[in-house]
1. When the range 20-32 is examined, which residues are found to be part of a helix (DSSP H, G or I) and farther than 16 Å from H48 by Cα?
2. Scan the range 105-151 for residues that are of a type in the set (V, I, T) and in a helix (DSSP H, G or I) and report the count.
3. Here is a list of conditions, (1) over 14 Å from the mean Cα position of the chain (by Cα); (2) in contact (Cβ under 8 Å) with a residue 24 or more places away in the chain, and E38 meets all of them except one; can you say which number that is?
Amino acid sequence: MAMRYMLDHALRVAWLSEAYLLAGRLDEAYTQAQYTLEFSRAHQERGHEAYALRLLSEFHAHHHPPEVEPAETHYRQALTLAEALGMRPLQAHCHRGLGTLYSQIGWVECAHAELTMAIHLYRTMEMTFWLPQAEAALAQVLRKGEAMNAT
């Protein structure tokens, strides 16, 4: 920022936020995601705004217990923007995040629908890195559903 080189600044800060999130440093992840959201909105960078919203979702979803309402709200906002902008990989990530969130709180049918959509998108885009994660999450949801039906 000191050099005034702002091209893709929001994206770089989003990457930093995601790195913090993956490292379990939730406070830093939140701070950087919030900054990315504010910066991208101020500069009308809607794609980066969508990424920031997904990161905020992930932040809320990673709490124990998950902060369901803000996580779901941010996922839905990110998904709406991603759909409007044709950002299909981000759409898939949002569906996977929602599916995982719903699975954590026992909303089996919602989790099934979201994870199925994520898997479909990953397959059609040949995004094989995330596909096994989504398939494993769906298998877990199906087991939960079977256990609930057996009781």
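1. Just the residues of the range 20-32 that are part of a helix (DSSP H, G or I), to begin with: 20-22, 26-32.
Correct list: Y20, L21, L22, L26, D27, E28.
2. Applying the first criterion (of a type in the set (V, I, T)) to the range 105-151 yields 105, 108, 116, 119, 124, 128, 141, 151.
Keeping just the survivors that are in a helix (DSSP H, G or I) gives 108, 116, 119, 124, 141.
Total satisfying the criteria: 5.
3. Of everything listed in (1) over 14 Å from the mean Cα position of the chain (by Cα); (2) in contact (Cβ under 8 Å) with a residue 24 or more places away in the chain, E38 misses just condition (2).
Rundown of residues vs (1) surrounded by fewer than 21 Cβ atoms within 10 Å (Cβ to Cβ); (2) over 29 Å from R46 (Cβ atoms); (3) out of contact with any Gly (no Cβ under 8 Å at 6 or more places or on another chain), yes/no style:
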site: E67; (1), (2), (3): yes, no, yes
site: G86; (1), (2), (3): yes, no, yes
site: G99; (1), (2), (3): no, no, yes
site: G106; (1), (2), (3): yes, yes, yes
site: L115; (1), (2), (3): no, no, no
site: E135; (1), (2), (3): yes, yes, yes
site: Q140; (1), (2), (3): yes, yes, yes
site: K144; (1), (2), (3): yes, yes, no
site: N149; (1), (2), (3): yes, yes, yes
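Read-outs: derived from the displayed coordinates by stated rules, not from any lab. None of the values given here were measured: they were computed from a predicted structure. Please note: Cβ atoms are built from the backbone with ideal geometry, for glycine as well, and neighbour counts cover all protein chains shown.
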